[in-house]
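A short worksheet on the structure shown next.
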Amino acid sequence: MGIFTRRPVRVQPFFGYRNRERLVLVGRTQRSRPPEFEEAGRWRTFRVMMSQFFASEVRNVGVTLCLTRSDGEDFSYTTTSDDDGYFRFEIDLEGDWPYPAQTAWEVVRLGWDNRDGHQSVTGHVLVPGADAQIGVISDIDDTIIETGITGGWHNVVRNWKRIFAQMPHERILVEGADSFYGAIGGGLTVSESEPPTGAVIPTTHRPFFYISSSPWNLFSYLVAFQRSRELPLGALFLRNWGFNRATIGKKSHGAHKHQAIGEILAHFSHLRFAFIGDDTQGDLPAFAEAVAREPDRIAAVFIRTTEKALSEKELDAKRVIESFGVPLWLGNSYAIGRDFLRAAGVAPHGETSRIVETVGPRNGEEA
């Protein structure tokens, strides 16, 4: 049992995503207040994060998802939260669900009952635009947010101390990530009119998908960090943590990334993808596996390097990626990576296929 059991049940939807045939959205039912990250202060930050990690999950809560098709027809679906409070909608869409002209967030409505009566909350679903040819799959830790988790358990502990002591806007952005992500995202989409779904989250031309081994408890924290640094928002693939081998250890990190990448590639089979990661948590081997499985689907791989040398496993992965002719950039400066993007002709309305041109040195050294 949690320490907030007297609070009414609330639903926390995570970002969903859809193609023309299928919609996926995950969320959680729990007893906690919605997090408020605006004010800083060590004690307040600690209280907010404690409420995220020690909220009492509530099982067997009926949750209804309502969505409206572009022609105005409404659809409703119902599911029930599991023993950990998680629920998952995997909906086979009925009728014609075309892509919007540009990548967008569509709004859905989630409803449930608690002791105060019927409740509802808005959820958001990422939909690639009809003009999108490439999506972006990105790591989070030490790719966009500095964690310093390399170098042993003492650095891992230090990172968790930061989570409980610093608000999202106080965390350190990996230098140059904001400009680099803006460039590879192709710039913000511009809507000539208010979309019928009432979506309000800004999007880039190329849809983003973020994969992290962090627990779902950090969903709101990570989104707040991305917002504070004006990074592109995207669907997040986090994990339900438990104190077992399935969620702790390097093998679990790799398995989660392999599975998430596979799900994204399968769901958006019409898109090619650019991968962005770093050399701290096995991103290079995970990306190489995807390249070996579907080389024509991978447009480019970008790896932010630290001071350490690549391991033998990473060097093998590097050779695999290069053997399939997939452009690979390894460097410690996103500013240099952005120069390669610019040289490849990546612009908000540029020819997206040109991203597959060589965008960096292939020998693991910066130009």
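General remarks:
- Cα-projected label distance for Ser323 with Glu21, points at 7 Å along beta-carbon direction, nm: 3.2
- Percent RCO, i.e. relative contact order, over the range 254-331, from Cα pairs under 8 Å lying at least 6 residues apart: 32
- Accessible area expressed per residue, the range 295-341, with surrounding protein chains retained (probe 1.4 Å, Å²): 44
- Net charge of Cβ neighbours under 11 Å - reference Ile276; Lys, Arg +1; Asp, Glu -1: -2
- Linear extension gain, Arg7 paired with Thr78, 0.36 nm per residue minus alpha-carbon span: 23.2 nm
- Counting only residues at least eight positions apart within a chain, or on another chain, the aspartates and glutamates with an alpha carbon under 16 Å from that of Lys257 are Asp139, Asp141, Asp142, Asp278, Asp279, Asp283, Glu289, Glu294, Glu314.
- Residue-wise HN-Hα coupling along the range 25-33, computed from phi with Karplus coefficients 6.51, -1.76, 1.60 (Hz; x: Gly, Pro): 8, 10, x, 9, 9, 7, 10, 6, 7
The values are calculated or read from the model by the stated rules, or taken from the named source; none is laboratory data. Quick caveat: nothing in here was measured; it's all calculated off a predicted structure. So basically every Cβ, Gly included, is an ideal-geometry build from the backbone, and we count neighbours across all protein chains shown. Just so you know, the surface numbers come from the protein's heavy atoms only, side chains and all, with ligands and any DNA or RNA stripped out. Shrake-Rupley method; radii C 1.70, N 1.55, O 1.52, S 1.80 Å.
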